[in-house]
1. For the chain, which whole percent of the accessible surface, found with a 1.4 angstrom probe, sits on carbon and sulfur atoms?
2. How about segment 9-79: which trypsin sites (Lys or Arg not before Pro) there are in a DSSP loop, with at most 12 other Cβ atoms within 10 Å of their Cβ?
3. Say each of A109 and R67 gets a label point 7 Å from the Cα, pointing the same way as Cα to Cβ; how far apart are those two points in nm?
4. Most mobile of A54, A24, A75 per a Gaussian network model of the chain (Cα springs, under 10 Å)?
5. Could you work out, for segment 47-113, what percent of all Cα-Cα pairs fall into each 5 Å distance bin, beginning at 0 Å and stopping at the bin that holds the largest distance?
6. Exactly which chymotrypsin sites (Phe, Trp or Tyr not before Pro) in segment 24-59 are in a DSSP loop and have at most 13 other Cβ atoms within 10 Å?
7. What is the local net charge at A61, summed over the other residues whose Cβ is closer than 14 Å to its Cβ (Lys, Arg +1; Asp, Glu -1)?
8. From the phi angles alone, apply the Karplus equation (6.51, -1.76, 1.60; θ = phi - 60°) to segment 15-25 and give each ³J(HN,Hα) in whole Hz, x where the residue is Gly or Pro.
Amino acid sequence: QVQLVESGGGLVQPGGSLRLSCAASGSIFSIYDMGWYRQGPGKQRELVAAITSAGGRTNYADSVKGRFTISRDNAKNTVYLQMNSLKPEDTAVYYCNVRLEVSYYSGRADYWGQGTQVTVSS
């Protein structure tokens, strides 16, 4: 059984910063790509940022480039999203996504966190 526990969401004023964390635990054999998605009110879920297993490559939505930074700590099975210069349009529920294997024979599967609310408002 795999669990993804997110933390770090909240209410912040425009221009402020937040740092999201997502820790994976349980029966994990190997972790591959990790990422963050978000779903705003009345919108579809969209990719915010992703990072490869070795951390060598990152990918960002155009709307967050230069403001958000994704990173990971493989020793802790944790992915982070540092969000700076936040805007009201960043308001959404943020979900972490982790691609992993639970055993050598299981194949890769995507797991999702429970979501954490980020609200940017004055």
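The values are calculated or read from the model by the stated rules, or taken from the named source; none is laboratory data. Everything quoted here is computed from the prediction, not taken from an experiment. Don't worry about glycine lacking a Cβ; one is built from the backbone with ideal geometry, like all the others, and counts go over all protein chains shown. Side chains included, ligands, DNA and RNA excluded: accessible areas come from the protein's heavy atoms. Shrake-Rupley method; radii C 1.70, N 1.55, O 1.52, S 1.80 Å.
1. Working: 2960 of 6570 Å².
Here it works out to 45 percent.
2. On the way: sites: R19, R38, K43, R45, R57, K65, R67, R72, K76; in loops: K43, R45, R57, K65, R67, K76.
Answer by residue number: K43, R57, K65, K76.
3. The two pseudo-label positions are separated by 3.6 nm.
4. Fluctuation is largest for A75.
5. Taking all Cα pairs of segment 47-113, the binned fractions are 3, 14, 24, 25, 17, 10, 4, 2, 1 percent.
6. Details: sites: F29, Y32, W36, Y37; in loops: F29.
Sparse-neighbourhood loop chymotrypsin sites (Phe, Trp or Tyr not before Pro): F29.
7. Values: positive: R38, K43, R45, K65, R67, K87; negative: E46, D62, E89, D90.
After counting each charged neighbour, the total is +2.
8. In residue order, the calculated couplings are x, x, 10, 9, 10, 8, 10, 9, 10, 9, 8 Hz.
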